[in-house]
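S.K.: My structure is below; once you've seen it, I'll send some questions.
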């Protein structure tokens, strides 16, 4: 397994990279959306570091998952907090760990229920092996190669730390 950087270092890197990406794409007023739970922690930190004017939005994709039959309903469903209109908005979608791509697919399904955004840029703290869907992050703090039986989880929000099992 690769050495895992501290989340705070990865956040600093992502803030610099995200600022550059927004400039390159000439996006001036993005809507940042964090996916519960770890993605919201990361999005909150990035939102503050970038000083974005729009309020931070959040998603709980529990009702959009495609694996209810395997995992059952999540008893800790949190409400999503998106503006009523995302039509033509540039969205920065933030998650903590990108693995299979299914969480991101579910998040995009929910976003599109609110409207058709101009663009969605995906930012993830960690991208690990194990993709099941053709989804790729625009910005990643760190790429990891973990074994098929290994898992990485972000704990927090204070302090942010990785737990590998």
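S.K.: Specify the residue that is farthest from residue 126 (Cα to Cα); the eligible residues are those in the range 68-81 that are at pLDDT 65 or above and assigned to a loop (DSSP other than H, G, I, E, B).
M.R.: 79
S.K.: Sticking with this one: Tell me which of these residue 34 doesn't satisfy, since it passes every other one: (1) in contact with a strand residue (DSSP E or B) (Cβ under 7 Å, 6 or more places away or on another chain); (2) in a loop (DSSP other than H, G, I, E, B).
M.R.: Exception for residue 34: condition (2).
Listed here are the residues, each with its yes/no results for (1) part of a strand (DSSP E or B); (2) over 17 Å from residue 21 (Cβ atoms); (3) at pLDDT 95 or above.
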{"site": "83", "(1), (2), (3)": "no, yes, no"}
{"site": "88", "(1), (2), (3)": "no, yes, yes"}
{"site": "92", "(1), (2), (3)": "yes, no, yes"}
{"site": "107", "(1), (2), (3)": "no, yes, yes"}
{"site": "116", "(1), (2), (3)": "no, yes, yes"}
{"site": "126", "(1), (2), (3)": "yes, yes, yes"}
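S.K.: Further question on the same structure: When residues of the range 128-141 are filtered for being over 19 Å from residue 47 (Cα atoms), in a strand (DSSP E or B) and in contact with a helix residue (DSSP H, G or I) (Cβ under 8 Å, 6 or more places away or on another chain), how many remain? Show your work before the answer.
M.R.: Here is the first cut: in the range 128-141, the residues over 19 Å from residue 47 (Cα atoms) are 128-136.
Retained after the next criterion (residues that are in a strand (DSSP E or B)): 128.
After this cut, where a residue has to be in contact with a helix residue (DSSP H, G or I) (Cβ under 8 Å, 6 or more places away or on another chain) as well, the list is none.
The total comes to 0.
S.K.: Still on this structure, I have one more. Could you please find all residues in the range 142-158 being touching a helix residue (DSSP H, G or I) at 6+ places or on another chain (Cβ under 8 Å) and outside any strand (DSSP E or B)?
M.R.: Result: 156, 157.
The values are calculated or read from the model by the stated rules, or taken from the named source; none is laboratory data. Small disclaimer: the values here were computed from a predicted structure and weren't measured. Positions of Cβ are generated from backbone atoms using ideal geometry, with glycine treated the same way; all protein chains shown enter the neighbour counts.
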